[in-house]
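The values are calculated or read from the model by the stated rules, or taken from the named source; none is laboratory data. Because the structure is a prediction, the values reported are computed rather than measured. Because the Cβ atoms are built from the backbone with ideal geometry, glycine has one as well, and the counts that use them run over all protein chains shown. Each accessible area value is taken on the protein alone, full model and side chains, heavy atoms only, with ligands, DNA and RNA left out. Shrake-Rupley method; radii C 1.70, N 1.55, O 1.52, S 1.80 Å.
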Amino acid sequence: MKKKVAFHNLGCKVNAYETNAMQELLKNAGYEIVPFLPGADIYLINTCTVTNIADRKSRQMLHKAKKMNPDAIVVAAGCYAQMDTDKLCEDGTVDLILGNNQKKNLVEILQEYEKEHLKKAHVIKINQTKEYEELEIHSTAEHVRAYIKVQDGCNQFCTYCIIPYARGRVRSRRAEQVVKEVEDLARKGYKEIVLTGIHLSSYGVDFGEGGKEDLLSLIREVHKVEGIRRIRLGSLEPGIVTEEFVKGIVSLEKVCPHFHLSLQSGCDRTLERMNRRYRSREYAQRCALLRKYYQNPALTTDIIVGFPMETEEDFLASFHFAEEIRFYETHIFKYSRRQGTKAASMEGQVPERVKSRRSEQMLLLHEKRSREYEEAMLGKKLEILLEEEVKKDGTPYLIGHSREYIKTAVKAGEGYQVNDIVTVKAAGFLEDHLLLGIPAER
């Protein structure tokens, strides 16, 4: 009888990719993957440690798993397992601890535990390894779009971030391995690939000066794969957006005009305290460069409010900068103190009520700019990758995203089906942040 394994993923797209890969490893080894509900024989939580809140959620899910089946094997994997190994060793609800760069060994580790029932921590000194952990996927829950991990680790050491300690230094995946995985997904009908990593812009820096592989060369190789119609890029650092880089990607028609450029703050004093490697003027120049070569690209970003010592003047500088750049989407985060980072011990911690007020102001700006960008698309042709069928007020629609990643619906029954790429005219809004597309004139 097959052992039943339930997974729960916390955190980023890289974690999601690794969870998917671990599911495939176990399925291929004869295990049955089941929903995260009572009745499983094994529960694996791929944990996150980006904030203290993420740590708490990771612990909560581990304890929840044990409550669902006290006799089950509970596995803590990933970043929180890497960072708080000692605490998990003392936690009676956890049976196995699997740090980063150990997920590829999951099958062997589980089989060993099932024989010996000895609690072990499979955790290496992640900052001392140069090995990229080879994992791969052959399908995803989305069925039309696949996130592909091409890089791990980070060398930046921003003062608010624990990830370099949890993920180690930059390690890149060889292009031939990436292309092989993408080719397999293309054969299975996937049309869109999202290249992702912990610090994607650093792809290839660990290959040495003699290495010719960088992010642009990788994108060019993926672009050659037949069947793939779209390539998206995960979060980018402003520094990678050079004239050479933008000229390179604009010549590749599969690259979508949708760029997530990490900002964190539009105030130079705050950027300096964060140990970010750019200032607001340079960031604005990089956005202008993208807009020089692409007609109205979708620019999205992350902004932290309430960073230690952020004054009202600093916040307003950040707010007005975001207002000036005109992002399509802005992901707003209230600064969350993370023990083990430099920012956690900084003076001038901002009160929660102030962070909440600043967050609300930024969110209102986000809503305004997002609506403006979507309204600017009305009457224009959009190319939509159809992803799922849903009903709105009893009417069936097919919903997908444009190349700019604008969510768009078309009425079912127009001869369309999921995984089609169709060109429609944006005719209005079906609901907030959901455009209605009608058949475009030929």
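Can you tell me which condition Gly11 does not meet? The list is (1) under 26 Å from Ile198 (Cβ atoms); (2) out of contact with any strand residue (DSSP E or B) (no Cβ under 8 Å at 6 or more places or on another chain); (3) modelled with pLDDT under 95, and all the others hold.
The number of the failed condition is (2).
Could you list, in sequence order, the residues of region 412-431 that are open to solvent by 40 Å² or more (accessible area, probe 1.4 Å), touching a residue at least 24 places away in the same chain (Cβ under 8 Å) and farther than 22 Å from Ala141 by Cβ?
Within region 412-431, Glu414, Thr423, Lys425, Ala427, Phe429, Leu430, Glu431 meet the criteria.
In region 147-206, how many are under 30 Å from Leu386 (Cα atoms), in contact with a Ser or Thr (Cβ under 9 Å, 6 or more places away or on another chain) and of a type in the set (Val, Ile, Thr)?
Number satisfying all stated conditions: 3.
Go over the candidates Leu363, Leu436 one by one and state the one that is in a strand (DSSP E or B), open to solvent by less than 80 Å² (accessible area, probe 1.4 Å) and on the phi < 0 side of the Ramachandran plot.
Leu436
Restricting to region 204-245, and then to whatever is under 21 Å from Ala288 (Cα atoms) and among the acidic types (Asp, Glu), can you tell me which residue is least open to solvent (accessible area, probe 1.4 Å)?
This residue is Glu237.
On the given criteria, is Gly11 surrounded by 17 or more Cβ atoms within 10 Å (Cβ to Cβ), of a type in the set (Gly, Ala, Ser) and in a loop (DSSP other than H, G, I, E, B)? Lay out the reasoning, then the answer.
Values: surrounded by 17 or more Cβ atoms within 10 Å (Cβ to Cβ): yes; of a type in the set (Gly, Ala, Ser): yes; in a loop (DSSP other than H, G, I, E, B): yes.
Spelling it out, Gly11 is indeed surrounded by 17 or more Cβ atoms within 10 Å (Cβ to Cβ), of a type in the set (Gly, Ala, Ser) and in a loop (DSSP other than H, G, I, E, B).
Of the residues in region 308-363, how many are without any contact (Cβ under 8 Å) to a residue 24 or more places away in the chain and among the polar types (S, T, N, Q)?
Of the residues in that region, 3 qualify.
Just to verify a result, which residue in region 24-54, among those that are in a helix (DSSP H, G or I) and at pLDDT below 95, is least open to solvent (accessible area, probe 1.4 Å)?
The selected residue is Ala54.
Pairs please, first residue from region 240-256 and under 18 Å from Tyr203 (Cβ atoms) and without any contact (Cβ under 8 Å) to a residue 60 or more places away in the chain, second anywhere and open to solvent by 50 Å² or more (accessible area, probe 1.4 Å) and in a helix (DSSP H, G or I), Cβ atoms under 7 Å, 6+ apart in sequence or on different chains.
If the second residue must be open to solvent by 50 Å² or more (accessible area, probe 1.4 Å) and in a helix (DSSP H, G or I), the pairs left are Val246/Tyr293; Leu252/Arg220.
Considering region 246-274 alone, what residues qualify as being open to solvent by 60 Å² or more (accessible area, probe 1.4 Å) and either part of a loop (DSSP other than H, G, I, E, B) or touching a Leu at 6+ places or on another chain (Cβ under 8 Å) (or both)?
To start, the set of residues in region 246-274 that are open to solvent by 60 Å² or more (accessible area, probe 1.4 Å) comprises 247, 251, 253, 268-269, 272.
Once the filter is applied, which keeps residues that are open to solvent by 60 Å² or more (accessible area, probe 1.4 Å) and either part of a loop (DSSP other than H, G, I, E, B) or touching a Leu at 6+ places or on another chain (Cβ under 8 Å) (or both), region 246-274 yields Ser251, Glu253.
Here is a list: Asn127, Asn155, Asn105. Which entry is among the polar types (S, T, N, Q), open to solvent by 30 Å² or more (accessible area, probe 1.4 Å), part of a helix (DSSP H, G or I) and modelled with pLDDT of 95 or more?
Working: Asn127 fails: modelled with pLDDT of 95 or more; Asn155 fails: part of a helix (DSSP H, G or I).
Asn105 is the lone residue from the list that is among the polar types (S, T, N, Q), open to solvent by 30 Å² or more (accessible area, probe 1.4 Å), part of a helix (DSSP H, G or I) and modelled with pLDDT of 95 or more.
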